[in-house]
Each structure stands twice: as structure tokens, then as C-alpha cells.
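For reference, the structure discussed in these notes is given below.
The values are calculated or read from the model by the stated rules, or taken from the named source; none is laboratory data. Just so we're clear, the structure is a prediction, and the values are computed from it rather than from any experiment. Neighbour counts are summed over all protein chains in view; Cβ atoms, including those assigned to glycine, are modelled from backbone coordinates with ideal geometry.
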Amino acid sequence: MKNLIALIILILTFAESNAQDVNKIVANLKTELDKVKDFQADLKVKIDISYLNAPEQVGKIYYKAPNKSKVDIKGFNLLPKQGSGNIVSEIINDPKNTLVYSGTEIVNGAKTSIIKVIPNDQTKDLALATLWVDESKNVVVKIENITKKSGTFNISINYLKFENKYYMPINVLVKLNVPEFSLPSTITGENAAKAAQKKKGSNTEGTVSFTYSNYVINKGVSNSIFEK
Amino acid sequence: MLMLIKLELFKIFSKWRTYIGFISIFVLIPLIHIALYFEGKKLIELGTQALSGGFNLSGNLLNGFMATRIILQSFYVHIPLLVALVAGDMLAGEATSGTYRFLLTKPISRLQIISAKYISGVIYVASLLVILMILSLGVGILIFGTGDMIIVNSNITILKEADSLWRFYYSFGYAFLSMLVVYSFAFMFSAFVENSIGPIMATMSLIIVFSILNILGGGVFVHIQPFLFTTHMQNWKGLFDNPIDYAEINTSVAIMIAHIVLLTTLTFVYFTKKDINS
């Protein structure tokens, strides 16, 4: 009986400590995020999928706290469903998500804390998310999002400190699963031999690279930009 | 010579069958535009459904460039018939109507006569393609506007708007060369016989058989395909690859020019030595 009580006390203590860890990490993350009220930056998006040949997309990204963001690319846009918006803010600010501390791991030479995110809102596509938080900078350097409909997204984020205050992403790499693509040459009207030659394989993993530059931070972004 | 060409053009354009091609283009292109207006988005969704799970797609992909490429792809099967309809009649028609001997009694060389006929036919082919280009590209852009272009075949290619228009100019130039190969076949068959139905049917049969062999994959067909002129006719699609395989395009252009030169030379030689009995 004594052992059982000791075990319960141990679990409760651990759970309490876990909650404190997560709350502290998330609070620090929010503090860092809250420093940026708005920003705009130049954006380049490069997609690498075996069967897709798309030019680099060039445009601008705008953000205004708490939740307005817009990617403005002239012409056709092809952006991954995860990774192009302010995904960290969306995850940690959703009160319906349960956050669980899950240990530490070294990512790109930096010690990170792992936080599992369990969404309690069944209507959302997100099934489970994992965040790797670099506590020395209070930024999320890696995200794994498992979705119900769109597969798994692995997101790696590199930051640079601007104006000695703000850690902003300069490169975001999204790895995602894409289904195979195949149309028979009898439909496309293509020469069969040439079609077989052009088909580079059936690799179902794709990557999307976002490169941000020329940040303008906390200088004001008009609301009208988000209404267009 | 110029007068002869004018006379031949007058002959071509005084026949009803000549206008079948123009009427077809004037009727079919607006129909394709209407179909795309209502169903174009579904077509794009079908082509990009592999990406729709992980990506958000936005922007105007249903535009004049996409419409023109679809039209060009559809008409590559049908324009040869319109070309053969006129070309198959150019020499055989003279035999059918019994005007060969009358024509050849004029103080003009056979070479001049056949050259004038050939050139006037080439003008007809060019006019057909110019009308096709104006209607498909011009009207397509008027209706759907411009934008980045999506090409769905064995891969999905997206081309920037600024990188699209020039490809159509080259494509129509390529189409002109392709149709001249068809024209040269029909013109040659027309020289051999005395009834215009034969050359038209022979040309179309050749294109249909070769086109089917062209899309059959595997086995012996793959080895045959490089030797079929239809394979090279279809290589206009390579102009919408990114990057363009210029070596392949140039090879196909050279092979088509070789076809035209060979077939035309054969026709000219045959016609200048032909016994005219009708």
C-alpha cells in the first residue's frame, strides 16, 4: 500500500513537473513570438517533386499579429498546406491542443526540448504534432505534423537574428508525402517511349523550400493587404 | 510564275471543299472555348489531383495559353484531314475534270505548273494555321486572359506567363512544318492517281496507322517509333518542356524537312515525266 501511494505521488510530481516544463517553454516561445507585431519579407518558394516541373515562385509574405498572414505571389501559386503560414503560433495558441513534454534531442548541434501536441478538436486535419524547441533562442527548429488527410509534413526551420532582437526564419524546408502521378499516354497523346523516358520515377516524397529575405519588422502592415 | 500561283489559288478557293477547313476551325474553336469555360476547372483539378492533398493551388491556370495548347493538341489530329482534302485534289482533280491536257498545252513548263500548284497549296496550309492561331490564341486570351500555363502529360509542368507566348509562335511554326509533311504526302499521292479520293484516303490512313503505332508502348513499337514521321510531328510538345530539348526538336525538324524535300522532289520528277492520258 505504501509503495502504491509512493508511486502515485511520484507520477503526480512528474506530471506536475512536466506541465511546468511545457508551460515555461511555451510561455517563452510566446514571448519571443509576441515581440513581432508585424513583418513583411521577400519570399522565394522552390518545389522539388519528381513529377512536377515548376519554376521558383517569387513574392512577398506579410504577417500581422495575432493571426493575419498573406503570401502574395504573382501568377500561379502552389504552396504546401503546412509550413507557409505562422504554423508555430497556430499550434501553441490553440487552447484545444494538449501539450506534453517529451524529452530532449540534439538538432543541428543545438539541444532542443520535444513537445508533443495532441489536438482535441476533432474537426481539424491535424492528428498529432511534435515541436523541437531550441530553448537558447526560444524558437521552434523542427516540426512534424501528422495530418488525417494530407499525410505527414516534416518542417525544418533556420533562423537569423535581426536588429539584435528578433529571431526570424530565413529558410524553411518542408518535406511532405505526395501521391504517385500517372496518366497513360493514350490519354495525354504523348509518344509512349518518350513518356516513359520523361517519367523520372515514382518518388512520393517531395520538398518545398521557403527562403525569406529583406525583412521589415514592426514597421506596420496595412490591413488592406490582407483583404485583397 | 506569280500569275500562275494566283490562278492556282483562285482554283483552290473556288472549290467548296477548301472552305470545309476554315468552317471547321470557325465552328470547333468556339465550341472548345465554351467547353473549357464550363469544364476547364475540372480538367485542371483532374490534372493536379495528385498535388491537391498536400498543396493549396491558386491563380489563373484556366487561361488563353492553356486553351490554345489544348486546341493545338486536338487539331493535330484533324488539320491533316483538312490539308489532305485540298492537297489530294490538286493534281488528281485536274485528271478527274479532264483539264490536265488543256493545262499542259499552255506555253509553260511542267516544272512551273507543279511549282505554282505546290506553292499555292502551301499558302492554303499557312492560311489555315494563321486562322487557327488567331482564333485559338487571340480569342482564347480575350475570353480567358493570360497567366501561368500548366501542361499535364507524363509529368506536370508549370510555365511562367512571360515564358509561354513565344513557345506558341514556335509551335505554330512547327505545326506548319508538320502540315507541310502531310501536304507533301497528299500532293505526291495526288500526282500518282487520277481520282482525288485516293490521295485523301491514303494520306489519312497513313497518319491514323502511324499515330496509333506512336502511342502504343513497349515491345517492337518503341523501336519503330523513331522512324515514323508522326513521331516527329508530335514533338511540338517538346517546345513546352522546361528546359527544351533543342537537340530532339532540331532532329525532328530536320527529319520533317527531309521528308518534305524527298516527297516534293519525287512528285516533281514524277510529274515532269508523267504520261498524261486524261
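Quick notes
- Qualifying residue in region B:201-221 (condition: surrounded by 22 or more Cβ atoms within 10 Å (Cβ to Cβ), more than 14 Å from chain A (Cβ to nearest Cβ) and at pLDDT 90 or above): yes
- Residue within region A:35-50 that is touching a helix residue (DSSP H, G or I) at 6+ places or on another chain (Cβ under 6 Å) and either assigned to a strand (DSSP E or B) or of a type in the set (Val, Ile, Thr) (or both) present: no
- Considering residues of region B:238-248 that are assigned to a helix (DSSP H, G or I) and in contact (Cβ under 8 Å) with a residue 40 or more places away in the chain only, the residue surrounded by the most Cβ atoms within 10 Å (Cβ to Cβ): B:PHE240
- Taking the numbered list (1) modelled with pLDDT under 90; (2) aliphatic (A, V, I, L, M); (3) in contact with a Ser or Thr (Cβ under 6 Å, 6 or more places away or on another chain) in turn, A:VAL133 passes all entries but (1).
- Qualifying residue in region A:129-143 (condition: among the small types (Gly, Ala, Ser), buried (at least 20 other Cβ atoms within 10 Å of the Cβ) and more than 14 Å from chain B (Cβ to nearest Cβ)): yes
- Region B:125-167: number of residues that are of a type in the set (A, V, I, L, M, F, W, C) and away from chain A (no Cβ under 12 Å): 18
- Residue under evaluation B:LYS237, criteria (1) within 14 Å of chain A (Cβ to nearest Cβ); (2) more than 17 Å from the chain's Cα centre (by Cα), criterion not met: (2)
- Filtered by the rule that a residue be among the aromatic types (Phe, Trp, Tyr) and farther than 30 Å from A:LEU79 by Cα, region B:1-55 gives B:PHE10, B:PHE13, B:TRP16, B:TYR19, B:PHE22, B:PHE26.
- In summary, helices (runs of 4 or more DSSP H) completely within region B:1-110 and bearing 2 or more residues that are of a type outside the set (A, V, I, L, M), surrounded by 18 or more Cβ atoms within 10 Å (Cβ to Cβ) and within 14 Å of chain A (Cβ to nearest Cβ) occur at B:16-52, B:64-90.
- Selection status of B:PHE172, at negative phi, touching a His at 6+ places or on another chain (Cβ under 9 Å), in contact (Cβ under 8 Å) with a residue 12 or more places away in the chain and away from chain A (no Cβ under 14 Å): no
- B:LEU177 being modelled with pLDDT of 95 or more, surrounded by 13 or more Cβ atoms within 10 Å (Cβ to Cβ) and under 30 Å from B:ILE158 (Cβ atoms): yes
- Restricting the first member to region A:35-59 and to residues that are over 19 Å from A:ILE225 (Cα atoms) and away from chain B (no Cβ under 14 Å), and the second to residues that are outside any strand (DSSP E or B) and not acidic (Asp, Glu), the beta-carbon pairs closer than 9 Å and six or more apart or on different chains are A:LYS35/A:LYS165; A:LYS35/A:ASN218.
- From A:LEU29, A:LEU79, residue being outside any loop (DSSP other than H, G, I, E, B), buried (at least 19 other Cβ atoms within 10 Å of the Cβ), within 14 Å of another protein chain (Cβ to nearest Cβ) and at pLDDT 80 or above: A:LEU79
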